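> Pasting a structure here, questions to come.
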Amino acid sequence: MSASTIVLLASVAACGSSGPSGSGGGGGGEGGTGQVWALQDTTLNPIEEASIERFNEQSEAGDFELATFGNDPYKQRLRTAIGSPQAPDLFFNWGGGNLKEYVDAGTVEDLTPLLDENPELRDAFLPSVLAGAELDGKNYGLPMRGMQPVVLFYNKSVLDAAGVEVPETWDDLLAAVDQLKAANVTPIALAGNQAWTELMWAEYLLDRVGGPQVFQNIRDGVEGDWSQPAVLEAMTMLKELIDRGGFGTEFASVGYDVGGASTILAQGDAGFHLMGSWEFVNQLGQSPDFVEAGDLGWAPFPAVTGGEGDPSNLVGNVSNFYSLTTDSDNKEAAEEFLSTALTDETYIDDLIAAGDVPPVTGVREKLEEAENSEYTTFIYDQTVDAENFQLSWDQDLAADEATEMLEQLSLFFLGEQTPQGFVDALSD
């Protein structure tokens, strides 16, 4: 598949007006046209719209239309609209803490009864992904786009030249850092002027050291949240990697949006790059020769010997979800849409053709038959086998706490904050 035909799953428009509905108004009342709100995406929006049109043609319960918004305008508009007469019937979200504020406000419908009444619907989705919209044992959303776990990418030629094996454990990774430094290569590319790229390292290490419950305690505000011993241990290990020269000395000036870290890996100036699964698409777009030569490799994040976290655990963007507003006047139609449209064969085929990896059981054969199957089946298999799939912390925490965490993490990578200082700052 050429780079021009593959969707850049990580990116959506940063700004824009509402979509087909103009005002993006509310649910239209009983018998009216319901609203489905989503982010703008030039590749995926037509697929979503076609799905809605098929539903409208087949259903007698009601009709829907799609309204799309840029990322920041969407979040602002949704926060204002939820709970008002202008609220959508179904709305796109990231699950986790991003969804929790609306659940806590009582504005999102509990979909657990729908899943209980339709066990085949529950079984249609990968459990670790479906859990991304589960709060306090109840489900508040169904997956509607693909999975984006964080993966350890590497340059095969660089590793081979330095005699480095793909690391299976944290100790293996530290040894690889030393070997790559000896070969005068930056061990790990890092776009360090954007803290979310640094966050991936903290997320995986804390999971491997302490298991998923440690962060769940943080997210849920359990007493002693950030001061749990596993947090200090993980941050101490990360500090060792930084001080060892794992990311070189220039990472703070490297950006991701401009392709800096990806280019460093593709040009052979680094051995590894930890990034979301969309990195494959980025490389196809920016450095197609690198990918087509077979030099781009990918692997799971290393295990931590003696750690509590299962090595199969993933972090990243679990998926995106459709959730139903409590005050929708089109609940019957919305529940029918959720029950049928998201597992519709044409919808799944369209997502796969766009380069997406749907979180739906039994689609591996379809992925094998599509282009880039070696990579897409790896992503699928990793998610199928995952004991837990943790949503990125900056999406799973409340906005203020996420901002403070990213600020402290940036200082940490710059050497201006210690592991204990990081813990103390976030425990206040």
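The values are calculated or read from the model by the stated rules, or taken from the named source; none is laboratory data. As the structure is a computational prediction, the values presented were derived from the model and not from experiment. Glycine also receives a Cβ, built like all others from the backbone with ideal geometry; neighbour counts cover every protein chain displayed. To get the accessible areas, we keep the full protein, side chains included, count just its heavy atoms, and leave off ligands, DNA and RNA. Shrake-Rupley method; radii C 1.70, N 1.55, O 1.52, S 1.80 Å.
> Just to be sure I understand, how many residues within segment 360-379 are over 17 Å from the mean Cα position of the chain (by Cα) and either open to solvent by less than 10 Å² (accessible area, probe 1.4 Å) or among the charged types (D, E, K, R) (or both)?
Counting residues in segment 360-379 that are over 17 Å from the mean Cα position of the chain (by Cα) and either open to solvent by less than 10 Å² (accessible area, probe 1.4 Å) or among the charged types (D, E, K, R) (or both) gives 9.
> Please enumerate the residues belonging to segment 344-353 that are within 19 Å of Phe55 (Cβ to Cβ) and either buried (at least 18 other Cβ atoms within 10 Å of the Cβ) or free of Cβ contacts under 8 Å to residues at least 60 places away in the same chain (or both).
To start, the set of residues in segment 344-353 that are within 19 Å of Phe55 (Cβ to Cβ) comprises 344-351.
Glu345, Tyr347, Ile348, Asp349, Asp350, Leu351, listed by residue number.
> Run Ala234 past the list (1) at pLDDT 95 or above; (2) over 30 Å from Thr376 (Cβ atoms); (3) surrounded by fewer than 23 Cβ atoms within 10 Å (Cβ to Cβ); (4) out of contact with any Asp or Glu (no Cβ under 7 Å at 6 or more places or on another chain) and report the number of the one that doesn't hold.
It is condition (3) that Ala234 fails.
> Now, a different point. I'm trying to understand the selection: among the residues of segment 189-231, which are surrounded by 21 or more Cβ atoms within 10 Å (Cβ to Cβ), farther than 24 Å from Ala399 by Cβ and of a type outside the set (Lys, Arg)?
Of everything in segment 189-231, those that are surrounded by 21 or more Cβ atoms within 10 Å (Cβ to Cβ), farther than 24 Å from Ala399 by Cβ and of a type outside the set (Lys, Arg) turn out to be Ala189, Leu190, Val209, Gly210, Ala230.
> Answer with yes or no whether Asp269 is open to solvent by 50 Å² or more (accessible area, probe 1.4 Å) and under 20 Å from the mean Cα position of the chain (by Cα). Before you say what the answer is, go through the steps one by one.
On the way: open to solvent by 50 Å² or more (accessible area, probe 1.4 Å): yes; under 20 Å from the mean Cα position of the chain (by Cα): no.
The answer is no for Asp269.
> If you scan segment 79-95, which residues turn out to be part of a loop (DSSP other than H, G, I, E, B) and open to solvent by 10 Å² or more (accessible area, probe 1.4 Å)?
Within segment 79-95, the first condition is being part of a loop (DSSP other than H, G, I, E, B), and the residues that meet it are 82-89, 94-95.
Correct list: Ile82, Gly83, Ser84, Pro85, Gln86, Ala87, Trp94.
> Could you figure out which of (1) within 22 Å of Asp381 (Cβ to Cβ); (2) more than 23 Å from the chain's Cα centre (by Cα) isn't true of Gly309?
Failing condition for Gly309: (2).
> Among residues belonging to segment 380-410 that are of a type in the set (A, V, I, L, M, F, W, C) and crowded, with 22+ Cβ neighbours inside 10 Å, point out the one that is modelled with the highest pLDDT. Spell out the reasoning first.
Just the residues of segment 380-410 that are of a type in the set (A, V, I, L, M, F, W, C), to begin with: 384, 386, 389, 391, 393, 397-399, 402, 405-406, 409.
If we keep only those that are crowded, with 22+ Cβ neighbours inside 10 Å as well, we get 386, 389, 391, 393, 397, 409.
Working: Ala386: 94, Phe389: 94, Leu391: 93, Trp393: 95, Leu397: 91, Leu409: 98.
This residue is Leu409.
> Could we say that Gly132 is touching a residue at least 24 places away in the same chain (Cβ under 8 Å), of a type in the set (Gly, Ala, Ser) and on the phi < 0 side of the Ramachandran plot here? Spell out the reasoning first.
Details: touching a residue at least 24 places away in the same chain (Cβ under 8 Å): yes; of a type in the set (Gly, Ala, Ser): yes; on the phi < 0 side of the Ramachandran plot: yes.
Answer is yes for this residue.
> Working carefully through the options Glu57, Glu48, Glu53, find the one that is modelled with pLDDT of 95 or more, within 24 Å of the chain's Cα centre (by Cα) and not in a strand (DSSP E or B).
Working: Glu57 fails: within 24 Å of the chain's Cα centre (by Cα); Glu53 fails: within 24 Å of the chain's Cα centre (by Cα).
Unique residue meeting the criteria: Glu48.
> Right, next: Within segment 132-151, track down each residue that is crowded, with 16+ Cβ neighbours inside 10 Å and out of contact with any Gly (no Cβ under 9 Å at 6 or more places or on another chain).
Selection gives Asn139, Leu142, Met144, Arg145.
> Next question, about the same structure. Name every residue in segment 103-123 that is in contact (Cβ under 8 Å) with a residue 60 or more places away in the chain and open to solvent by 20 Å² or more (accessible area, probe 1.4 Å), in order of residue number. Before the answer, list the steps.
Filtering segment 103-123 down to residues in contact (Cβ under 8 Å) with a residue 60 or more places away in the chain leaves 106-109, 111, 114, 118, 121, 123.
Across segment 103-123, the qualifying residues are Gly106, Thr107, Glu109, Asn118, Asp123.
> Also: How many residues are aliphatic (A, V, I, L, M) and farther than 27 Å from Ser312 by Cβ if we restrict to segment 373-405?
In the first step, residues of segment 373-405 are kept if they are aliphatic (A, V, I, L, M); the result is 379, 384, 386, 391, 397-399, 402, 405.
Those left that are additionally farther than 27 Å from Ser312 by Cβ: 398-399.
So the count comes out to 2.
> Mind listing whichever residues of segment 225-249 are part of a loop (DSSP other than H, G, I, E, B) and in contact (Cβ under 8 Å) with a residue 24 or more places away in the chain?
Here is the first cut: in segment 225-249, the residues part of a loop (DSSP other than H, G, I, E, B) are 225-228, 244-249.
Matches in segment 225-249: Asp225, Trp226, Ser227, Arg244, Gly245, Gly246, Phe247, Gly248.
> Please give the number of the condition Gln35 fails out of (1) assigned to a helix (DSSP H, G or I); (2) polar (S, T, N, Q); (3) at pLDDT 95 or above.
With respect to (1) assigned to a helix (DSSP H, G or I); (2) polar (S, T, N, Q); (3) at pLDDT 95 or above, Gln35 is out only on (1).
> Also, I was wondering about something else. Might you check whether a residue that is farther than 26 Å from Val166 by Cβ and either modelled with pLDDT of 95 or more or β-branched (Val, Ile, Thr) (or both) occurs anywhere in segment 266-279? If you could, list the steps in order and put the result at the bottom.
First pass over segment 266-279, keeping only residues farther than 26 Å from Val166 by Cβ: none.
For segment 266-279, residues farther than 26 Å from Val166 by Cβ and either modelled with pLDDT of 95 or more or β-branched (Val, Ile, Thr) (or both): absent.
> Within segment 152-175, take every residue that is without any contact (Cβ under 8 Å) to a residue 40 or more places away in the chain and in a loop (DSSP other than H, G, I, E, B) and give me the one that is most open to solvent (accessible area, probe 1.4 Å).
To start, the set of residues in segment 152-175 that are without any contact (Cβ under 8 Å) to a residue 40 or more places away in the chain comprises 160-161, 163, 165, 175.
From what's left, in a loop (DSSP other than H, G, I, E, B): 163, 165.
Numbers: Gly163: 51, Glu165: 149 Å².
If we take residues in segment 152-175 being without any contact (Cβ under 8 Å) to a residue 40 or more places away in the chain and in a loop (DSSP other than H, G, I, E, B), then Glu165 is most open to solvent (accessible area, probe 1.4 Å).
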